[in-house]
Amino acid sequence: MAPRRLLLVGEGNFSFAVALGETLDPNTSLTATCPQRSADLARDLVARENIQRLRERGNEVRFGVNCTHLADAFEPHREFDRIYFNFPHCGRKAGVAKNRELLAKFFRSCADVLAEDGEVHVALCRGQGGTPADKPMREWHNSWQVVAMAALGGFILSDVHPFNCEAVPGYRCTGYRSQDKSFHIEGALNHIFTRSLPFESLQPRISRIKLGDQWFSFLEPEVLVGKLNRGFLEAPSCHPIKTINEKLIAELGKAFPLKRLKCSSPLLPQGDASVLTSHNPDILSTAFWVSLHEDNSDFESPTSGTTQDMEDFLVSFSELSLPNSPRRDSKEEAHEGTHGQAKACLRPSLLVHSQAVIQAPDFLPGSLHILSGPVFQRCCISPFTMPAFHETLYILGFNKNLKDSCLQSLLDHLKGILNNLLTQTWLEGSEWSSSVEFVFQPTGKRYMITVKSQNFGPDCVKDLIIGSVTTSATSVIHKDQCFVYVSMNLDLLAMLVWGISDWRMLWTSDSRFLKNFAPGKIEPFKSHSLYPPYYVHDISFWLDEKKRFDEVEFHTLARAVSQDTVISIQFLSRFQHPKTEQVSLCYRLTYQTCDKALTQQQVASMQSQLRKEIQQRLHVTPR
């Protein structure tokens, strides 16, 4: 392992450098810098003494180093593992705007000399950072907004803790308003920043699938870019979704014989669209539809950028085999292709496979049949709805005469397992709690699995529906049997168990996410990106009176254009022109990431692109 390389910028009297140097290992190199020239410090006896002590230890001292142009101060390709900037300030009575500018330029400069896995430590006085860690937290206009400024350099806040002077004995901060006075460091915080993954311009991929003897290709929906073929449930994965799935299966296996099934049936029986709607009449309206094109290329595998088994995601094929599929308007037809092309949908639920399972000759009554896999649904933007998630489906067949006892036994076991999982991350002495209830629906056809949880914080109580339980007796082969189907959203369950507040974090490509999860253990989740800033933009547009406005499509388009950074779309107002009677709608969009640096400039660009896209695809006229 290479020696750690530390850089200190903006030193005043070099007392921090001396104090820090005394705690370092001999293999660690320290470079201390200040903006003044050497001659400017000639009369500062404390500074001169500290400089001498640093040099005697073999540390490097540099003068006249501008922290906003670090690349100019060091030779090319020189990198540091950690950069410290304690109590930055422009000097004298500089206001919020100038100090924000200083931070922004500093972070941009750090990007040039920081190692890939390096850290930037910035100590700020109480309230200056503008994050919830400050007590009290200042308003936006009265703080330096350190996280937003760091984003301009491609950094995210990964940790924050009190600035502890006792850890660096002998340190005396100086330079308050360019004077030989100390800053008020009571309540000061040390902010630790790391590099963010960059926003990439991801384009939908062309995927190939073999149906029978014929290869077809299709363009994946824009909103699902980066969400197909992630393999979270596959054997080598250590993803929390796989962990929670395996724990559920292991516990259920103690009470029921199990039969695990592979989600590899891509097609529904021709002409039988009722399978899609038997459990949920609205399920077709949530599906993502794609056009299939005959692909006569010589390759026997998916095109570049895709992986095998794309058929796992396809559950229906051909308009002719789905006579009851929803009617789509002209814009959808144009998007999906010309008349006569084959259509397919990405499965919106594993329940579409239920009939195939219970009618299979090898179906075993009394055994719990288990399917687990990703599903995809068009939906509005909200904190706990997601266009892609992982579902698990349990199917149990039993004698009709034992319906009540068998159903109750399954529900009791499932409730006990879920309650046990939801308590594993509680802190000792915590008053937080979670409880599972099976809420019977007024229709009398199914239960909803509801969790009342405080796992996202003591002031954040939520009732979340994580699944459903339905019963039926519709098997031609097993006529004396009754069947129960338990469907659960594994993503929501993982969020509840680990206290992950944002579903998008489950899909991050940042390797730091998986480092939170030790094999076989369930411990509270700690995000590598804290207090990301949010940006608010309003959008209003005139509706085309000849076209039906699809609000779900509007949300889906906002997801796609913003690369999932829109976390909220709030309807503000509806206006009808008194003369033309034309209708205008106004919405408020909130942008925020959970794992990357996001800047105001990037958001403005996304908002501008969204205005263009809704005009082209939704046939509205932005105002």
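Converting phi to 3J(HN,Hα) with the Karplus coefficients 6.51, -1.76 and 1.60 and the offset θ = phi - 60°, segment 517-524 yields 10, 7, x, x, 10, 10, 10, x Hz in sequence order, with x at every glycine or proline. Ranking I466, I185 from most to least accessible surface, computed with a 1.4 Å probe over the protein chains only, gives I185, I466. In this structure, the residue pairs whose Cα-Cα separation is over 29 Å, taken from K242/K452; K262/K479; K210/K403; K259/K526; K403/K521, are K210/K403; K259/K526; K403/K521. When all protein chains stay in place and ligands, DNA and RNA are ignored, the 1.4 Å accessible-area order of K547, K515, largest first, is K515, K547.
For segment 1-59, the fraction of C-alpha pairs more than 16 angstrom apart is 40%. In summary, the convex hull built on the alpha carbon positions of segment 4-195 has an orientation-averaged projected area of 10.2 nm². Solvent exposure of H577, expressed as accessible area, is near 60 Å², computed with a probe of 1.4 Å over the protein chains only.
First compute the accessible area of segment 534-622 with a 1.4 Å probe, then give the percent of it belonging to carbon and sulfur atoms. That share works out to 45 percent. Extent of segment 534-622 along its three principal axes (Cα atoms, max minus min coordinate, largest first): 46, 21, 19 Å.
The figure for V61 is an accessible area of roughly 20 square angstrom, using a 1.4 Å probe on the protein chains alone. Which FRET efficiency value, to the nearest 0.05, is calculated for W542 and E294 with the Förster distance at 41 angstrom and r the Cβ-Cβ distance? Efficiency for this residue pair is about 0.50. On the principal axes of its alpha carbon atoms, segment 488-548 extends 57, 31, 19 Å, with the longest extent given first.
Across every pair of non-identical alpha carbons in segment 8-113, the mean reciprocal distance, once inverted, gives a Kirkwood radius of 14.6 Å. Roughly what % of Cα-Cα distances in segment 204-250 sit above 14 Å, to the whole percent? Result for the distance tail: 64 percent.
The values are calculated or read from the model by the stated rules, or taken from the named source; none is laboratory data. This structure is a prediction, so every number in the text was calculated from the model and none was measured. Cβ sites come from the backbone with ideal geometry, for glycine too, and all protein chains shown count toward neighbours. Heavy atoms of the whole protein, side chains included, go into the accessibility calculation; ligands, DNA and RNA do not. Shrake-Rupley method; radii C 1.70, N 1.55, O 1.52, S 1.80 Å.
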